[in-house]
1. Could you grab the Rg to Rh ratio for the protein assembly as shown? Cα atoms only, Kirkwood for Rh.
2. When you look at the Cβ of every residue in A:204-213, what mean number of other chain Cβ atoms sits within 10 Å?
3. Using the per-residue mean of other Cβ atoms lying within 10 Å as a proxy for protection, in what order, highest first, do the peptides A:59-72, B:45-58 fall?
4. Which one of B:ALA206, B:ALA175, B:VAL112 is farthest out on the positive end of the charge dipole of region B:83-215, using unit charges on Cβ (Lys, Arg +1; Asp, Glu -1) and the Cα centre as origin?
5. List the distances, in nm and shortest first, from the label point of B:ARG198 to the matching label points in every other copy, placing each point 7 Å from Cα along the Cα-to-Cβ direction.
6. Counting pairs of Cα atoms in region A:148-194, how many percent are more than 16 Å apart?
7. What average number of partner chain Cβ atoms lie no more than 10 Å from the Cβ of the residues making up A:40-51?
8. Sorted by average packing, counted as other Cβ atoms within 10 angstrom per residue and highest first, what order do A:87-97, B:23-33 take?
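Rule-based calculations on the coordinates, nothing more; no lab input. Note that the structure is a prediction, hence the values are computed from the model and not measured. Using ideal geometry, Cβ is built from the backbone for each residue, glycine included, and neighbour counts are taken over all protein chains shown.
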There are 2 protein chains.
Amino acid sequence: MVQKSKKASPPPRIDSPVEPKRRGRPRAYQPDIALGKALDLFRKDGFAATSLDDLSAATGMNRPSLYGAFGDKRELYIKSYQRYRDDARAAMVDIFRNELPIKKRLECIYAVALDIYLSGDSGPRGCFTVMTAASEAVFDSEIRAMVLEGFSELDKAFAACFRHAREKGELPESADPTMLAQLASATIHTIAIRARARVPRKELEAIVKGAIDVMCR
Amino acid sequence: MVQKSKKASPPPRIDSPVEPKRRGRPRAYQPDIALGKALDLFRKDGFAATSLDDLSAATGMNRPSLYGAFGDKRELYIKSYQRYRDDARAAMVDIFRNELPIKKRLECIYAVALDIYLSGDSGPRGCFTVMTAASEAVFDSEIRAMVLEGFSELDKAFAACFRHAREKGELPESADPTMLAQLASATIHTIAIRARARVPRKELEAIVKGAIDVMCR
DNA sequence: GGAATTATTTGCGGAATGGTACAAAAAAGT
DNA sequence: ACTTTTTTGTACCATTCCGCAAATAATTCC
């Protein structure tokens with residue numbers, strides 16, 4: 001230890017990657033993976049059918065720890081949803097940004113979406129937004145705001161794709177990026193719903209293919 | 001009264017509109033309207049968040065009567081869903097069958113759909129299939145079968161519309177009715193979801209209009 | 001080593017849950 | 001009038017639910 005402890009002590013940055021020597025008893029869980037487990041449960045069963053006991057068992061945290069870490073059930077649900085959206089965005093953003101021809105790009109996007117919707121050990125979990133968040137959105141303004149923002153974000157991302165494709169001459173000048181984007185979102189929604197009802201991937205891919213053909217005609 | 005009461009006494013048909021003098025204490029409720037109330041609740045809150053107490057209060061039947069009339073909670077849910085589908089089908093079938101030009105027909109269909117999705121005293125209730133039944137469908141094969149049948153029915157009805165329109169020359173020969181139908185269903189799904197998140201009717205109508213333009217181009 | 005801090009563990013408590021048992025009530029059959 | 005049949009109303013049961021209080025444990029700071 002060369003460093004003198006006086007004056008020159010580096011101000012420990014907030015949220016530094018190196019844990020800043022927390023003060024009390026160390027946590028017995030990793031918040032990130034615990035939140036992931038909670039997300040899995042909420043995706044599987046929705047808000048009401050997921051009990052704190054279930055969450056406790058899945059995360060390995062007992063209820064008071066859960067409560068201390070994430071707040072009450074609703075807060076945990078919201079944090080799970082935020083996590084879901086962050087993950088989904090992370091999985092999509094590169095594809096939305098890349099330079100493939102429009103059809104290929106759409107294919108990639110839908111393939112990633114299907115991966116998300118069809119994943120799950122005990123059956124396809126569908127899309128968090130479509131399956132549970134939208135339902136809660138009617139009576140919970142905070143969730144509603146997230147859901148609406150999600151719709152808007154997806155619509156805008158698709159619209160940017162179509163606009164870009166039109167500028168590159170891949171689409172006719174008459175194509176309306178906004179309208180096409182809403183159809184592209186609608187296709188996302190329909191495969192999310194159908195996936196949850198165990199429609200096989202092949203059929204979902206056929207729907208995607210048909211939709212792309214119509215949109216990029 | 002000309003008719004003689006002997007020999008010609010009409011065999012009281014099962015389920016005849018005239019109640020065939022039931023044997024015991026008469027029911028204090030009307031099964032049809034009770035089921036309607038139950039449906040309202042399930043649409044609003046989903047399966048898990050709707051308690052038997054809620055259902056009992058809404059229908060005016062106490063729990064044992066509910067149980068006797070409709071079975072347990074799951075059976076009541078399924079019967080409510082059947083009722084929902086019957087109602088929705090009844091509201092749609094004429095429009096699917098009529099002879100308006102394709103665009104007008106689609107407009108009518110979506111207008112009726114929006115009426116259904118946006119109705120509700122305490123906020124838009126969305127579509128039963130999309131909001132709750134699809135979620136339950138993963139782990140309940142009976143519900144799943146109903147949901148899948150619903151998808152199929154809607155797809156087929158739309159496909160028939162498009163096929164008919166193509167034969168009448170309203171659509172180009174190259175149009176693929178099946179694919180267009182899936183897009184039309186996707187549009188139904190996207191407005192159902194967005195309606196539940198309180199997206200205003202105007203915006204939903206704009207989505208519908210854009211979708212119709214693309215599909216009937 | 002002791003104080004302070006933070007998490008964990010255990011377990012409680014009141015409410016709500018789905019479902020049912022049982023007696024009273026209201027009708028028809030005899 | 002009396003029995004039979006069906007539904008209603010009340011009450012109850014065992015379980016699960018969410019949230020919290022209090023005691024214990026593990027770590028850092030001084």
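1. Working: Rg = 26.2 Å, Rh = 24.4 Å.
Taking Rg over the Kirkwood Rh, I get 1.07.
2. Working: counts 0, 0, 3, 7, 1, 1, 8, 5, 1, 3.
The per-residue average across the peptide is 3.
3. Values: A:59-72: 15.6, B:45-58: 17.3.
Put in order of decreasing packing, that is B:45-58, A:59-72.
4. The residue sitting farthest along the positive end of the dipole is B:ALA206.
5. Label-point separations across copies, in nm and ascending: 3.7.
6. Values: 417 of 1081 pairs.
Roughly 39 percent, rounded to a whole number.
7. Numbers: counts 0, 0, 0, 1, 3, 4, 7, 3, 7, 6, 1, 1.
Other-chain Cβ atoms within 10 Å of each residue's Cβ, averaged: 3.
8. On the way: A:87-97: 14.3, B:23-33: 9.6.
Highest mean packing first, the order is A:87-97, B:23-33.
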